[in-house]
Structures are given as structure tokens and as C-alpha cells.
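Visitor: Submitted below is the structure of interest, expressed as C-alpha cells.
The values are calculated or read from the model by the stated rules, or taken from the named source; none is laboratory data. For clarity, every value in this text was computed on a predicted model and none was experimentally measured. Quick reminder, even Gly has a Cβ in these numbers, built from the backbone with ideal geometry, and neighbours come from all protein chains shown. Side chains are part of the model used for accessible areas, which takes the heavy atoms of the whole protein and leaves out ligands, DNA and RNA. Shrake-Rupley method; radii C 1.70, N 1.55, O 1.52, S 1.80 Å.
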Amino acid sequence: MAHSQRTLNQDPMTQAITLARQAIGIASPNPPVGAVIVKDGQVIGEGHTQPHGQAHAEVIALAQAGENARGAEMYVTLEPCAHQGLTPPCTKAIIAAGIRRVHVATLDPNPRTNGRGINELEANNISVVLREGSPEGLALIEAFAKHVTTGIPFVIAKFAMSLDGKIATRSGDSKWVSSVASRKQAHVLRAGVDAVMVGIGTVLADDPQLTIRDIPHARSQPIRVVIDSSGRLPMTSAMLALEGTTIVATANIDVDRRSALESVGAEVIDTGPGGEVNLAQLLLALGERQITSILVEGGSQLHGSLFDLGLVDKVVGIVAPVIIGGIEAPGPIGGSGAHTIPDAIRLTQVTYAQVGEDMIVTGYPTKWQANHPRE
């Protein structure tokens, strides 16, 4: 049945981007995509990507438009796929429906499509308007783009700290540095990723659940990943009693300890000898499990190691207007760090948002290692 028509009241691509955001967290490992079909100033069809293996945004929008799609224009946030996956190519559906023009926010980085979708549409006399470089379109697919081109998940480092750069007091008390509003925003971040990662120190100190709470969400809980070199995760940990997957990343632990963890439902990934978890190898293993994005919530040692290795793709730092003080009070980033200020990791494409009393700073780190000078 065709969707009832309604007057277009905003830029159709903006509307498509809004729809795509509704698919963040539920479409993975597919990218979140939104599509809007317009004819004679009316929206006649719209949709966003459904969970993996279900319909893509274009197909949903075409189904709503029905026969009225013939001669209409489609606005879609990502180049329509031209390959057979778990669902048929969207290009075939667009051609069959008689769409006359397709507006595309960005090319599909997937090597199986990457331009082929546009070429196929144009070969069938459908004009294509490409808005390549759209910041909103690129931001939607940042995790998908990293994973589909490298096999490695997109890593987001998130932390909350006081105005003087502390994540806890000298006694280890950390509840709560940030405001209620900021903590709610942290759950929004969890709802948009495939996995949440913490170090064993955080687990031993806080016994976190690492679940999405206090916000509406239409997805399963993210996978929980604990960096635990020697397999110290308590069998009574809160996360082990929850539904969903808990992965414990270890480094050559003994067979009995591994069996004990597996007996309480944990999945163990052993990255081999060396005494510490090989984080680069772990990310590859997680990518092979179709985990496209990871939110790292600490602690400082894990964050520091990831920054030292150049494995962080995005930073979300929450700064609270509170002073903790104390030389022994920890900061959010440990590791080796920069030797000189020119060696420090700087963020690009920085945005600032006030949430409650806190300031959230988001940006993308420069791609060089903190403990090696730039060339």
C-alpha cells in the first residue's frame, strides 16, 4: 500500500539524514541509511535501514510510494548498493520503480559498490546528483567505512573528567564526576555502537553493567568487552548475569581459568603471549565478528594504550565544572603519552555541546602515535 502523501516541509536530504540517524545502532554491520521519495512537492515514500538481513532504506521508501514512484526523485544518504547480499541490489529496485533522478549524499566505501551503484543507475537513464563530501552523510557511515575498508572496528574513546582533568579522587571515588544529563548522553552513545569496552581495573572498581539504560532504544544490548590480561574477571560480575555477550580479552591465561570464564557464559579471546592483551590483534578479531564500532569507557590505562598505538578514531570528552585536585588523583589518559607538546595528539573537526552543566567535546585525533614525533 502506498504511503499517504504529505507536503515537503524541509530539504529532502536533511529529512533523509534524520531518518538515517534512526537506524544507528540497529542496522550494523550495514550502514545506517535514510531515503525519501519526492514527487510534485509531496513526500510519497520514506524509510531507513532495518536490522541486518532486512530491507534497506530505498526498498522501504519505494514500497510506500508504490506506482506513484514512477517519475519521482529519490534522496538517499548513501549510494544505493549494486551487489547481491542478504537482500537484492537496491539499484535494481530503483530502476524497476521508474525513479527518474537520485540524489546521493555520499559514495558507498564498500569495494563491492563504490561507484557501481551510480554507474548502473546512469546506464539506465536515471540522472544522479552526487553531494560527495557531505559532512552529515560521512558522519553517518564513519564506523561502516572504517570496518568495510580495513576489517577493523571504529574506536571511540569516551571519558568524563573534572575541570582539572581528574576522573576520580585520590581514594578512587568516581561517582559521579559528570551530571545526570551527561550520563544519559553516555547511554545514547552506547545505543549507537556494537560494543562497549573497559579495562579490568574499571570492572573491579565499579562492577559496571555496560548496558543501555534510561533512554528509549530499539536494539539489543551492545556486546561487552573486558580487557583482562590475566583473567581476573570475577565470576560474580554484574555483566555476566545479563543477557547478551561478554567477551573477555586475555593474554595467554591458563586453561583452567579460561574454562571457568567460559562456564559462566563469557567468550574468551586470547591474544597470545606477552603478558598484555595485544589490542591491535584484538580489534582485528572483533572486526571478524562483524563488530563495526566500539565505545571505550576506560580506564586510563586502556585509553592510554589505545592512544599510544594510534588506535583511537574519535574522542568524546565530557568536562564537568568541578575541581577534584590531588597529585595522586588519576586523569583519563594513561600510557606513555607525548614527550613534548608538539607530539601531543590534537583533535580535528571539533564540536562543543553543553549538556546540563557539563561541556562535551567531540573530535577526531590526528593519525600519528602520541609517543612518536610527527614526521
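Visitor: Would you mention how many residues in region 212-241 are open to solvent by 60 Å² or more (accessible area, probe 1.4 Å), hydrophobic (A, V, I, L, M, F, W, C) and at pLDDT 90 or above?
Guide: 2
Results for (1) in contact (Cβ under 8 Å) with a residue 40 or more places away in the chain; (2) among the hydrophobic types (A, V, I, L, M, F, W, C), shown as yes or no for each residue.
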| site | (1), (2) |
| --- | --- |
| His83 | no, no |
| Ala96 | no, yes |
| Ile99 | yes, yes |
| Glu122 | no, no |
| Val129 | no, yes |
| Gly133 | no, no |
| Leu138 | no, yes |
| Ile141 | yes, yes |
| Phe144 | yes, yes |
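Visitor: Still on this structure, please answer the following. Looking at region 34-63, which of its residues are open to solvent by 30 Å² or more (accessible area, probe 1.4 Å), under 20 Å from Leu140 (Cα atoms) and of a type in the set (D, E, K, R)? Break it down stepwise before answering.
Guide: First, the residues of region 34-63 that are open to solvent by 30 Å² or more (accessible area, probe 1.4 Å): 39-42, 46, 48, 50-56, 59-60, 63.
So of that shortlist, the ones also under 20 Å from Leu140 (Cα atoms) come out as 46, 48, 50-56, 59-60.
Answer for region 34-63, where residues must be open to solvent by 30 Å² or more (accessible area, probe 1.4 Å), under 20 Å from Leu140 (Cα atoms) and of a type in the set (D, E, K, R): just Glu46.
Residues are listed down the side, and each one gets a yes or a no for (1) in contact with a strand residue (DSSP E or B) (Cβ under 6 Å, 6 or more places away or on another chain); (2) of a type in the set (Ser, Thr, Tyr); (3) under 24 Å from Ala191 (Cβ atoms); (4) surrounded by 17 or more Cβ atoms within 10 Å (Cβ to Cβ):
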position: Ala65; (1), (2), (3), (4): yes, no, no, yes
position: Arg101; (1), (2), (3), (4): yes, no, no, no
position: Pro109; (1), (2), (3), (4): no, no, yes, yes
position: Leu121; (1), (2), (3), (4): yes, no, no, yes
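Visitor: Name the one entry in Ile323, Ile291, Ile333, Ile345 that is open to solvent by less than 40 Å² (accessible area, probe 1.4 Å) and assigned to a loop (DSSP other than H, G, I, E, B). Quick ask: steps written out before the conclusion?
Guide: Numbers: Ile323 fails: open to solvent by less than 40 Å² (accessible area, probe 1.4 Å); Ile333 fails: open to solvent by less than 40 Å² (accessible area, probe 1.4 Å); Ile345 fails: open to solvent by less than 40 Å² (accessible area, probe 1.4 Å).
From the options Ile323, Ile291, Ile333, Ile345, the qualifying one is Ile291.
Visitor: Please work out if Ser134 is surrounded by 15 or more Cβ atoms within 10 Å (Cβ to Cβ) and among the polar types (S, T, N, Q).
Guide: Values: surrounded by 15 or more Cβ atoms within 10 Å (Cβ to Cβ): yes; among the polar types (S, T, N, Q): yes.
Yes, satisfied.
Visitor: Given the condition surrounded by 19 or more Cβ atoms within 10 Å (Cβ to Cβ) and assigned to a loop (DSSP other than H, G, I, E, B), answer yes or no: does some residue in region 254-265 qualify? Break it down stepwise before answering.
Guide: So the first thing to find is which residues in region 254-265 are surrounded by 19 or more Cβ atoms within 10 Å (Cβ to Cβ), and the list is 261.
In the following step, the residues that additionally are assigned to a loop (DSSP other than H, G, I, E, B) were identified as none.
Within region 254-265 (the criterion being surrounded by 19 or more Cβ atoms within 10 Å (Cβ to Cβ) and assigned to a loop (DSSP other than H, G, I, E, B)), the answer is no, since none of the residues qualifies.
Visitor: Could you tell me which of the residues Val316, Val268, Val312, Val350 is open to solvent by 30 Å² or more (accessible area, probe 1.4 Å), modelled with pLDDT of 95 or more and outside any helix (DSSP H, G or I)? Talk me through it step by step, then tell me what you get.
Guide: Values: Val316 fails: open to solvent by 30 Å² or more (accessible area, probe 1.4 Å); Val268 fails: open to solvent by 30 Å² or more (accessible area, probe 1.4 Å); Val312 fails: open to solvent by 30 Å² or more (accessible area, probe 1.4 Å).
After ruling out the rest, the residue left standing is Val350.
Visitor: Please verify whether Gly45 is farther than 24 Å from Gly287 by Cβ and touching a Lys or Arg at 6+ places or on another chain (Cβ under 7 Å), treating the condition exactly as stated. So that I can check it myself, show each step before the final result.
Guide: Details: farther than 24 Å from Gly287 by Cβ: yes; touching a Lys or Arg at 6+ places or on another chain (Cβ under 7 Å): no.
So Gly45 fails the test.
Visitor: Take Ile247 and tell me if it is of a type in the set (Val, Ile, Thr), open to solvent by less than 60 Å² (accessible area, probe 1.4 Å) and under 16 Å from Asp194 (Cα atoms). Quick ask: steps written out before the conclusion?
Guide: Values: of a type in the set (Val, Ile, Thr): yes; open to solvent by less than 60 Å² (accessible area, probe 1.4 Å): yes; under 16 Å from Asp194 (Cα atoms): yes.
It is true that Ile247 is of a type in the set (Val, Ile, Thr), open to solvent by less than 60 Å² (accessible area, probe 1.4 Å) and under 16 Å from Asp194 (Cα atoms).
Visitor: Among the residues of region 189-211, are any open to solvent by 50 Å² or more (accessible area, probe 1.4 Å) and more than 30 Å from Met235 (Cα to Cα)?
Guide: If we filter region 189-211 for residues that are open to solvent by 50 Å² or more (accessible area, probe 1.4 Å), which is where we start, we get 204-207, 209.
When the remaining residues are screened for being more than 30 Å from Met235 (Cα to Cα), the result is none.
For region 189-211, residues open to solvent by 50 Å² or more (accessible area, probe 1.4 Å) and more than 30 Å from Met235 (Cα to Cα): absent.
Visitor: Next question, about the same structure. Mind listing whichever residues of region 148-169 are in contact with a helix residue (DSSP H, G or I) (Cβ under 6 Å, 6 or more places away or on another chain) and either surrounded by fewer than 21 Cβ atoms within 10 Å (Cβ to Cβ) or closer than 30 Å to Val104 by Cα (or both)?
Guide: Gly151, Ile152, Pro153, Phe154
Visitor: So for region 19-33 (the condition being surrounded by 15 or more Cβ atoms within 10 Å (Cβ to Cβ), assigned to a helix (DSSP H, G or I) and not basic (Lys, Arg)), does at least one residue qualify?
Guide: Narrowing region 19-33 to residues surrounded by 15 or more Cβ atoms within 10 Å (Cβ to Cβ): 19-33.
Among the residues that remain, those that are also assigned to a helix (DSSP H, G or I) are: 19-21.
Applying the additional criterion that residues be not basic (Lys, Arg) yields 19-20.
There is at least one residue in region 19-33 that is surrounded by 15 or more Cβ atoms within 10 Å (Cβ to Cβ), assigned to a helix (DSSP H, G or I) and not basic (Lys, Arg).
Visitor: From Ala260, Ala249, grab the single residue that is hydrophobic (A, V, I, L, M, F, W, C) and either over 21 Å from the mean Cα position of the chain (by Cα) or on the phi > 0 side of the Ramachandran plot (or both). Even if it seems obvious, please write down each step before you answer.
Guide: Values: Ala249 fails: either over 21 Å from the mean Cα position of the chain (by Cα) or on the phi > 0 side of the Ramachandran plot (or both).
Matching residue, one of Ala260, Ala249: Ala260.
Visitor: Answer with yes or no whether Ser336 is modelled with pLDDT of 95 or more and either in contact with a His (Cβ under 8 Å, 6 or more places away or on another chain) or more than 26 Å from Glu142 (Cα to Cα) (or both). Before the answer, list the steps.
Guide: On the way: modelled with pLDDT of 95 or more: no; either in contact with a His (Cβ under 8 Å, 6 or more places away or on another chain) or more than 26 Å from Glu142 (Cα to Cα) (or both): yes.
So Ser336 does not fit the description; no.
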